[in-house]
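Each value in this text was obtained by applying a stated rule to the coordinates, not by laboratory testing. In this text, all values refer to a predicted model and were calculated from it rather than measured experimentally. Because the Cβ atoms are built from the backbone with ideal geometry, glycine has one as well, and the counts that use them run over all protein chains shown.
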Amino acid sequence: MAGYTGNKQEHLRRLRRVEGQIRGLQRMVDDDQYCIDILTQVSAATSALESFALALLEEHLAHCVTEAIQQGGAEADVKVKEAADAVARLVRS
């Protein structure tokens, strides 16, 4: 079971909102809207996606990584490394 399963509907709702924001950006470009207005909406969509990513990461740490650490062994090391790599990717983006 994935760590986010308990909040799956909330995550899907957030992703649908981001999807709507992206469609709105497409319409803005198609309608030749002002560049700064489009950039403002890009920033909003980016923030929404980053917020989703952080929530998912938090659930991963609380569920998958915690469970692996409790079980110990090589799997714990793998999960910690995966989480560290995910954080690094988020920070670089």
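For the peptides 18-24, 34-40, the ranking by mean Cβ contacts within 10 Å, running from highest to lowest, is 18-24, 34-40. Taken about its Cα centre, the chain carries a charge dipole of roughly 140 debye when the Cβ of each Lys and Arg holds +1 and the Cβ of each Asp and Glu holds -1.
Angle of helix 74-92 to the longest C-alpha principal axis of the chain, folded into 0 to 90 degrees and rounded to 10: 20°.
Rounded to the nearest 10 degrees, the inclination of helix 35-60 to the longest alpha-carbon principal axis of the chain is 10 degrees. Approximating the spin labels as points 7 Å out from Cα along Cα→Cβ, the residue 52-to-residue 8 distance works out to 1.7 nm. Against the compact-protein benchmark of 2.2 N^0.38 Å, the Cα-based radius of gyration of the chain scales to 1.40.
Computed from Cα atoms, the angle from the helix 8-30 axis to the main principal axis of the chain rounds to 30 degrees.
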